[in-house]
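Undergrad: Pasting in a structure now, in structure tokens, and then I'll have a few things to ask.
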Amino acid sequence: MKTPDESASKPGPESMQMASSPDTVPDKGVLSDSGRDIAEVLIKGGSLKRKQLDYALKIRAKLPPGRPLLSIIKELGMITDEQIRTAITKYRLSVRMGSLLVELGHLKESELSAALEIQRSSPIKSKLGDILIEQRLIDENKFIEVLAMQLGFTRVYPEPEALDRTLLQMVKPRWCAQYAMVPIRRENGRTLLAMADPMDQTSLAAAKSVFGEEIDVGIACKREILDLLASLDHKDLPAQRNVPTPDSSVTALVDGLIIDALNAGASDIHIEPMRSRLRIRYRCDGILLTQRDVDFKLAATLNSRIKIMASIDIAEKRRHQEGRIHFTDPNTGRVTDIRVSVFVTLFGQKVVMRLLTQRAKLLDIRDAGLSPRMLQRFMDDALDLPSGVILITGPTGSGKTTTLYGAVNYLNNDHTCIVTAEDPVEYVVEGIAQCSINPQLNLTFDETIRHIVRQDPDVIVLGEIRDQLSAESAIQAALTGHKVLTTFHTEDTIGGLLRLMSMNIESFMISSTVVSVVAQRLLRRVCAHCAQPCRPSAHELKRLGYAMTEFEDCPLQSGTGCSLCHFTGYSGRLGVFELLVLNEAVKDAILTRRSSFEIRRVSMETSGLVTLLEDGILKASQGHTTLAEVLYHLPRLDKPRPLAEIRRLAGE
């Protein structure tokens, strides 16, 4: 890391104008001119020959419109990034940041246009770089490198071992965090500062008031500066009162991660150790999205803070661990129960936090997304029966618990006694007796079940069937005249029945107690703000076994991507369901221990079963989701029936 020279620390007027003025939406001519201007500077500096530029222009003329000239020259091996950086810095070429990113191939023209549209429409005037990073259109580190190239500053990487400890004693960490800067070292009477925004005159004035007029400035990521401040040892901090310690910095980091995840509607936070960094991802709408990277040096402190919050042994680093956090948002008072799982990996401990908002609004079962005929059958032939087992199945994160409590909400009234055994309680429901399993207090599932049946319940809700004991408990409760609702981890409805058989539950007990099985998945919903009509691809039709005529009159849609959906084309999720009501033909197939194929065939022929795949196709044909989502997430066990037949069976 070299100290920038004086000219680099004092950019010319053109550079300052570039950094402060917002970009406007560029057309192809603007981008092309930017590439041509840089190419001319490269020729002037001797890095590029006129013949090479003419050849690159001929190549571009044969390519589809929109290809940046500079990226073509780079692909032809005529120049390098270092030569571009040197030329722009040396000749102080005035190129807007957005145009430069496109020309260097770091950004697509459509992505730049989208970011500039966000900048124009936002009531809060944000910098283009902040928008690009926030929308995950470019990596922050890559953006800082290009910004350093544009402004002529040196890119610096603040590391704890490179810091001058005497300079740290002159300022508080809070001051450094406020101005997003940190002093690195002093050489020849000049102080080198790492700054996130070297054009911020307020920060520069504050720095000069502390370190004097003789300062040199380098650009660093704001994240790098804040992570560095959080990782400093206590002995490195000035001995002053009310100065945040590393513990308080990490505490703020953990609280910030949880609050940001809640605001984003995330269901899980993944903190994953990589070879040289700590990656943080949120699961939103069922998809993991990278939020940020954290300095690997913070891993141990970050994990310890989470373990303390979850009452987990912080000294244990070789075993998998579990715990819970009862988190209260200090800003809104929002209460969230968080399940914490610590998993030992090759590069350290991976932490996953599942966010369970206890005061979540209960779903009305009529709004769950079941098709009209499926909903009516579920209420008439399952929920309204006086006894029997109702299974809600699906993998982790498929919305089983939400549907379970939608059914509980339907059954809850002044004349019904409902008792639950859950691990943990995810929804707090007024008017029912809920018990959270806690083995540490000897409040086990077995112990709880024995006492539930003595509570004179009409409805028993078991959070999940996990083993043979819980399966037998559900069956026995149904045999004694209770209605039992529970969830189960299986692929589909038939798989739920087969798994009960594999747990050594007698087939005659299954056929006599199980009244209904609901299988479900969650698919991403097409973003309403950027939805556009679309047609199924030939590949999708081939995989479904359909002809294009099946979707001729269907309002198929797909999202083009916008700021509201983080440019994914999807926003929110919807349920896809498969309902099996056990009639006599299905019960007979179970008693005779038929194969899964035979039980499914009987169910489809006699009980009006609509498979998960068919329900997904139906919702895609209505424009709620896409066929790509259906094919990616739903099991394809049988060829789907014609769309008209599916509509008839679903009552649409």
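Undergrad: Tell me, what ³J(HN,Hα) does each residue in region 336-345 have, in order and in whole Hz, if you take phi through Karplus 6.51 cos²θ - 1.76 cosθ + 1.60 with θ = phi - 60° and put x for Gly and Pro?
TA: Karplus-based 3J(HN,Hα) across region 336-345 equals 9, 8, 10, 8, 10, 10, 10, 10, 7, 10 Hz.
Undergrad: Restricting to DSSP loop positions (anything but H, G, I, E, B) with no more than 15 other Cβ atoms inside 10 Å of their own Cβ, which trypsin sites (Lys or Arg not before Pro) remain in region 403-510?
TA: Sites meeting the loop and neighbour criteria: Arg466.
Undergrad: Let me ask something additional. At most 16 other Cβ atoms within 10 Å and a DSSP loop assignment: could you name the GluC sites (Glu not before Pro) in region 513-563 that fit?
TA: Within region 513-563, the qualifying GluC sites (Glu not before Pro) (loop, at most 16 other Cβ atoms within 10 Å) are Glu552.
Undergrad: Which aspartates and glutamates, if any, have their Cα less than 14 Å from the Cα of Lys127, not counting same-chain residues under 8 positions apart?
TA: Once the sequence-local aspartates and glutamates are set aside, what remains near Lys127 is Asp23, Glu117, Glu140, Asp197, Asp200.
Undergrad: Now, a different point. If each residue of separation counts as 0.36 nm, what is the full-extension length gain between Glu447 and Ser126 once their alpha-carbon separation is subtracted?
TA: 109.8 nm
Undergrad: Show the residues, 5+ positions off or on another chain, whose built amide H is closer than 5 Å to the amide H of Cys534.
TA: Leu556, Gln557, Ser558
Undergrad: Would you mind checking the pairs Lys49/Lys142; Lys619/Lys639; Lys49/Lys90 and listing those with alpha carbons more than 25 angstrom apart?
TA: Violating the 25 Å limit, Cα to Cα: Lys49/Lys142.
Undergrad: Over 30 Å between C-alpha atoms is what I'm after, so list which of Lys108/Lys222; Lys350/Lys483; Lys125/Lys297 land there.
TA: Pairs exceeding the cut-off: Lys350/Lys483; Lys125/Lys297.
Undergrad: Ok, one more. Where does each of Leu631, Leu226, Leu469, Leu582 land when they are ranked from fewest to most other beta-carbon atoms within 10 angstrom?
TA: Ascending Cβ contact count within 10 Å gives the list Leu469, Leu631, Leu226, Leu582.
Undergrad: In whole angstrom, how far apart do the alpha carbon centroids of region 103-171 and region 518-582 sit?
TA: Taking the Cα centre of region 518-582 as reference, the centre of region 103-171 is 35 Å away.
Undergrad: Sticking with this one: Tell me, for the chain, which Cys residues have no other cysteine's C-beta sitting closer than 4.7 Å.
TA: Cys176, Cys221, Cys284, Cys417, Cys435, Cys534, Cys554
Undergrad: Quick one: order Lys639, Lys108 by neighbouring beta-carbon count within 10 Å, fewest to most.
TA: Lys639, Lys108
Undergrad: Let me ask another. Test of understanding: ordering Met501, Met97, Met509 by Cβ neighbours within 10 Å, fewest first, what list do you get?
TA: Met501, Met509, Met97
Undergrad: Related question: Determine the distance separating the Cα centre of region 45-62 from the Cα centre of region 308-322; give it in Å without decimals.
TA: Centre-to-centre distance over Cα atoms comes out at 60 Å.
Undergrad: On to the next question. Of the options Val351, Ala261, Ala180, report the single residue whose Cα projects farthest towards the positive end of the charge dipole of the chain (beta-carbon charges: Lys, Arg +1; Asp, Glu -1).
TA: Ala180
Undergrad: Follow-up question, since we're still on this one. What relative contact order, as a whole-number percentage, does the chain give when Cα pairs under 8 Å and 6 or more residues apart are counted?
TA: 9 percent
Undergrad: Might you report the magnitude of the Cβ-based charge dipole of the chain about its Cα centre, with Lys and Arg at +1 and Asp and Glu at -1, to the nearest 20 debye?
TA: 1840 debye
Undergrad: Here is a further query. Using a cut-off of under 15 Å, list every residue of region 262-306 whose amide N is near the label point 7 Å from the Cα of Arg318 along the Cα-to-beta-carbon line.
TA: Counting only backbone N, you get no residues.
Undergrad: Based on Cβ point charges of +1 for Lys and Arg and -1 for Asp and Glu, what charge dipole magnitude is obtained for region 365-650 about its Cα centre, in debye rounded to the nearest 20?
TA: 900 debye
Values quoted throughout were computed directly from the atomic coordinates according to the rules given, and no laboratory measurement underlies them. This structure is a prediction, so every number in the text was calculated from the model and none was measured. With ideal geometry, Cβ positions are generated from the backbone for all residues, glycine too; neighbour counts draw on all protein chains shown.
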